[in-house]
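The values are calculated or read from the model by the stated rules, or taken from the named source; none is laboratory data. It should be emphasised that the depicted structure is a prediction, and the values quoted were computed from it without experimental measurement. A quick note on method: Cβ atoms are made from the backbone with ideal geometry, for glycine too, and the neighbour counts reach across all protein chains shown.
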Amino acid sequence: MPDAITVDEVRRVARLARLGLTDEQARGLAHDLNTILEHMNVLSRVDTTAASEYTAARAVMPLRADHGPPPVRPLATLPETFAPEMRDGFFVVPRLATHEDAEP
Amino acid sequence: VTGRTTAADISTAARSGQRSIIEIATMALRRAEDADVRDGLNIFLSRAGDYARARARALESDAVRRERGALYGVPFAVKDNIAVAHQQLTCGSRILAGYVSPYSATAIERLEDAGAILIGKTNLDEFAMGSSTENSAFGPTRNPLAPTLVPGGSSGGSAAAVAAGVVPIALGSETGGSVRQPAAFCGIVGVKPTYGRVSRYGLVAFGSSLDQIGILANNVVDAAVTLRVIAGRDERDATCADVSVPDFDGAPASLRGTVIGRPREYFPDDLDPRIAERCARALDQLRHLGAEIRDVSLPHTALAIPVYYIVAPAEASSNLARFDGVRYGRRGQEASRNGLNEMYAATRVQGFGPEVTRRILLGTYVLSAGYYDAYYRKAMQVRSLIAEDFRRVFSGGVHALFTPTTPTPAFPLGSRSDPYEMYLSDIFTCTANLAGVPAMSLPIGRVDGLPVGGQLMSAHFDEARMFSVAAALESSLGPADR
């Protein structure tokens, strides 16, 4: 199993997960993840050479015919009532970072 | 009326006109308010007063539902991670505080079509991640039987609503035991159907290969009737199976010819002896009812918690990516000044609580390049071995398995701070989610005044067998043991 997770590793994974952690949170989570993953190491000792990855019973979950999804039912309330910010039917978001202010 | 009236009694009284539906709904709303305002149990995140009264008025004059609705006039509660149109849907999270759903889950539509009346949305561990309901952003729910203790989780609010006598039935959701464990802690019945039995359209996704809507009820019959109402194919959920729904009646039957397996891995030497004793008594009762009790082995059981806590967080990290402050819910404060990526990061870290953050991070890690094979792929291979254990036992002539639902009775609020210790609450329940088989908990007695749950599991889509064994056991144990 891989080595212990460092605080830098936690920061890297938090960026992938789009979580803006504080330093204190990152330190705490490094501790938690190492403790939790230690319990997972037991899996590395299991012989799985003959085991395939689990899949649910697809036989009873038939794929629908390929003629589009079920008809969309109208929403009871419009996105304007629950979106943080909308204008002219579009979701409004802050600008994307440009090359100049992207992280190196 | 106080205490635990059954859904069947309410429906009969409503249908005959002996009780008005408006009166039934009004009383349930009053009990909901009493439970939270007077008794401080914190069961409901929102109460659907106007909605329930309007539904009751409409049902009162609905001749078709009066005649045919299996749950005509029955009040119900629903965990606040299941969508109901025009009602708030918070998932117990700050990130969705104030969000009102624009549509209803299929299970809700089917309950309402059968004449049931929504009373309110119940508290839960944030995004159903927890085993005590302490991870809710809106404070913990208290166990109605002993308010210093947890009700279990994550469907703790729904279990408490039934146990407190507010409603006879409630919906919860299961990913690793989130219906059965609170049912055991609150002394009621909790059912996790087969993976694919109930449509998940409108259930906020946590672990998509594990999630299933479940039922909390006072007794086996009410749970069986409710499952019959909500089960069955739904074209809006591709994982909802095309399997006929039998006429579960949950009536006790002779168990002659029924083989019940006692898997030795669920009765470890360090099992709480009081729980072991209650289970031994229940197994004696099953034998007395004519069942053959057979010792069996599910050899990969000890690996279930490590597998579960890789697979479920991995799937959660993907499912919860949608909560980013763009389309719904709350956008992070001061989040919009530094561009889109910073807005995402601020919204999510401010919106998610500690356990959800921990699991998203854990899930992202086990799926990330370099670690995927060691953790996620390995866990999914071991999961196959766990599922194969069940297949082998059920194809070898065993009709149902009996085990304890939880390793301990309900524990005090605030007593478990170590995440992994909390994860161990799911040790006897998460196997059924990993294998996809149906499972349920029913009360089998008390230790020191606290209820103990016994768990029954059966083969895929064989809920009928599970219910008949449960009903027989329930009637033989009698009210004194519940």
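Annotations for the structure displayed:
- Search result, residues across the range A:3-37 that are of a type in the set (A, V, I, L, M, F, W, C) and either touching a residue at least 12 places away in the same chain (Cβ under 8 Å) or within 16 Å of B:Tyr375 (Cα to Cα) (or both): A:Ala4, A:Ile5, A:Val7, A:Val10, A:Val13, A:Ala14, A:Ala26, A:Leu29, A:Ala30, A:Leu33, A:Ile36, A:Leu37
- Residues of the range B:144-183 that are hydroxyl-bearing (Ser, Thr, Tyr) and surrounded by fewer than 24 Cβ atoms within 10 Å (Cβ to Cβ): B:Thr148 alone.
- B:Asp418 meets all of the listed conditions (1) acidic (Asp, Glu); (2) more than 25 Å from B:Gln285 (Cα to Cα); (3) in contact (Cβ under 8 Å) with a residue 24 or more places away in the chain but one, namely (3).
- Options B:Leu298, B:Leu320, B:Leu303, B:Leu286: the member that is outside any helix (DSSP H, G or I) and in contact (Cβ under 8 Å) with a residue 24 or more places away in the chain: B:Leu298
- Neighbours by Cβ (under 9 Å, 6+ apart or cross-chain): first from the range A:79-95, farther than 14 Å from B:Met343 by Cα; second among the hydroxyl-bearing types (Ser, Thr, Tyr) and in a strand (DSSP E or B): none
- When A:Pro74 is tested against the conditions (1) farther than 17 Å from B:Gly363 by Cβ; (2) at pLDDT 90 or above; (3) in a loop (DSSP other than H, G, I, E, B), the lone failure is (2).
- Test set (1) within 30 Å of B:Leu361 (Cβ to Cβ); (2) among the β-branched types (Val, Ile, Thr); (3) crowded, with 20+ Cβ neighbours inside 10 Å - B:Val220 fails condition number: (1)
- Test: residue in the range B:362-370 that is out of contact with any Leu (no Cβ under 8 Å at 6 or more places or on another chain), within 8 Å of chain A (Cβ to nearest Cβ) and outside any helix (DSSP H, G or I): yes
- Condition check for A:Ala65 on (1) crowded, with 18+ Cβ neighbours inside 10 Å; (2) part of a loop (DSSP other than H, G, I, E, B); (3) of a type in the set (Gly, Ala, Ser): one failure, at (1).
- In this structure, B:Pro273 does satisfy being exposed (fewer than 15 other Cβ atoms within 10 Å of the Cβ), away from every other protein chain (no Cβ under 11 Å) and either more than 27 Å from B:Arg391 (Cα to Cα) or among the polar types (S, T, N, Q) (or both).
- Single residue of the range B:303-352 satisfying the filter (among the charged types (D, E, K, R), surrounded by fewer than 18 Cβ atoms within 10 Å (Cβ to Cβ) and more than 7 Å from chain A (Cβ to nearest Cβ)) that is nearest to A:Leu33 (Cα to Cα): B:Arg322
- Checklist (1) at pLDDT below 95; (2) part of a loop (DSSP other than H, G, I, E, B); (3) more than 22 Å from B:Leu303 (Cβ to Cβ) applied to A:Leu19, failing item: (1)
- Scanning the range A:49-70 for any residue that is in contact with a Leu (Cβ under 7 Å, 6 or more places away or on another chain), at pLDDT below 95 and facing another protein chain (nearest Cβ under 7 Å) turns up at least one such residue.
- Elements of the type helices (runs of 4 or more DSSP H) sitting completely within the range B:40-128 and holding at least 2 residues that are buried (at least 22 other Cβ atoms within 10 Å of the Cβ): these cover B:49-60, B:106-113.
- Residues of the range B:1-50 satisfying the condition of being over 23 Å from B:Ala85 (Cβ atoms) and basic (Lys, Arg): B:Arg4, B:Arg15, B:Arg19, B:Arg30, B:Arg31, B:Arg38
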